[in-house]
Amino acid sequence: LTKSPDLYSYNGSVSPNGKKIMYIEQDLNNGNDDIYSVDSLGYNTAQLTNSLESEYEAIFSPDGTKIFYTSTINGIGQIFKMDSDGNNKINISNDLFNEYRNATISPNNKIAFYSYKTGFSQIYSSDLNGNNIINLSSNNTADDVIPLYSRDGKKIIFLSDRDTINTTGEFNLWIMDSDGSNKKKLLDENIINYFWSDDNKKILYTKQSSLGNYQISIINTVSNIITPLNTITNEFAIGWLHGKVSFDDTRS
């Protein structure tokens, strides 16, 4: 689809209407990352960002009209939004003294992200313009990172070292209500990535085992039952598709 053998393309995501694929492309000459889109059949490639900085961690808004992404300014991550055609770029974090990363959008027009505003990485929420910021991490002294709203916007999963900061330092998977209440740890393992199911009850995730290989499993957030999915090979979760999971596999 990308047809760019001289460039490194990664982190593809599909628009809500299924007609566009957005991805990040890295220029191997200067190391810059830019955001591109292409039709689902591989036509009409468009470069959506083109600056001296890197743009990445791009996601569509639930209605597909906006794209939220991270852009570095003098090496400091900021959260931007733009129209899905690349126009009207706005820095919604607008704080060049603190890092902002990994936006996630709820269906009720809230954005969550993490920032080091307090000296520790904390998860915040705001409206889609970056206003009315609320600290969901309750100013703890551990690092909470990479929030992800459930499909209905009622829950947020995230990584935290709050139980391991003085031991292994691994990031475990936690869950909380979207207002920051009812935090609890879901998995006491070294988690790499994770994805909500369509029914908001299950999470597909990748963990790194003690042997160093990657393994994928599903946890039911209601029953806490864990279902391992892979064999002894390296497998890396990509996401859900109509009730099925997709993943990278090195067995061949």
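Checked against the criterion of being closer than 23 Å to Ile79 by Cα, at pLDDT below 90 and under 17 Å from the mean Cα position of the chain (by Cα), the candidates Ile105, Ile192 yield just one match: Ile192.
Under the condition of being open to solvent by 10 Å² or more (accessible area, probe 1.4 Å) and small (Gly, Ala, Ser), the residues counted in segment 126-137 number 1.
Pull up segment 28-64, narrow it to residues that are open to solvent by 50 Å² or more (accessible area, probe 1.4 Å) and acidic (Asp, Glu), then point me to the one that is farthest from Gly239 (Cα to Cα).
From segment 28-64, those open to solvent by 50 Å² or more (accessible area, probe 1.4 Å) are 28-30, 40-41, 43-45, 47, 50, 52-53, 62-63; that's our starting set.
So of that shortlist, the ones also acidic (Asp, Glu) come out as 53, 63.
On the way: Glu53: 28, Asp63: 20 Å.
The selected residue is Glu53.
Taken across segment 15-31, residues that are β-branched (Val, Ile, Thr) and under 24 Å from Ser126 (Cα atoms) do not occur at all.
Considering segment 1-27, and only residues there that are polar (S, T, N, Q) and closer than 30 Å to Asp198 by Cα, the residue that is least open to solvent (accessible area, probe 1.4 Å) turns out to be Ser15. Counting residues in segment 97-104 that are closer than 24 Å to Ser37 by Cβ and hydrophobic (A, V, I, L, M, F, W, C) gives one or more.
I'd like the full set of residues that are in a loop (DSSP other than H, G, I, E, B) and among the aliphatic types (A, V, I, L, M), limited to segment 187-236. First the steps, then the outcome.
Step one: list which residues in segment 187-236 are in a loop (DSSP other than H, G, I, E, B), which gives 188-190, 197-201, 209-213, 221-225, 229-234.
Those that are in a loop (DSSP other than H, G, I, E, B) and among the aliphatic types (A, V, I, L, M): Leu211, Val222, Ile225, Leu229, Ile232.
When Asn140 is tested against the conditions (1) open to solvent by 20 Å² or more (accessible area, probe 1.4 Å); (2) touching an Asp or Glu at 6+ places or on another chain (Cβ under 9 Å), the lone failure is (2). Cβ-Cβ contacts under 8 Å between residues 6 or more apart (or on different chains), taken from a first residue in segment 109-125 that is under 12 Å from Phe158 (Cα atoms) to a second residue that is in a strand (DSSP E or B) and of a type in the set (Asp, Glu), are listed as Tyr114/Asp144; Ser121/Asp144; Gln122/Asp144; Ile123/Asp144.
Within segment 65-104, the residues that satisfy the criterion of being touching a residue at least 40 places away in the same chain (Cβ under 8 Å) and open to solvent by less than 20 Å² (accessible area, probe 1.4 Å) are Ile67, Phe68, Ile79, Gly86, Ala103, Thr104. Identify the single condition in (1) of a type outside the set (Gly, Ala, Ser); (2) in contact (Cβ under 8 Å) with a residue 12 or more places away in the chain; (3) open to solvent by 10 Å² or more (accessible area, probe 1.4 Å) that Ile157 does not satisfy, given that it satisfies every other one. Here Ile157 clears every test but (3). Does Asn50 satisfy the criteria of being at pLDDT below 95, in a loop (DSSP other than H, G, I, E, B), within 24 Å of Asn17 (Cβ to Cβ) and polar (S, T, N, Q)? Judged against the criteria, Asn50 is not a match.
Selection of segment 166-180 for residues being without any contact (Cβ under 8 Å) to a residue 24 or more places away in the chain and open to solvent by 40 Å² or more (accessible area, probe 1.4 Å) yields Asn166, Thr167, Thr168, Glu170.
The values are calculated or read from the model by the stated rules, or taken from the named source; none is laboratory data. Worth saying up front: this structure is predicted, and the values here are computed from it rather than measured. Every residue, glycine among them, receives a Cβ derived from its backbone with ideal geometry; neighbour counts consider all protein chains shown. For accessibility, only protein heavy atoms count, side chains too; no ligands or nucleic acids. Shrake-Rupley method; radii C 1.70, N 1.55, O 1.52, S 1.80 Å.
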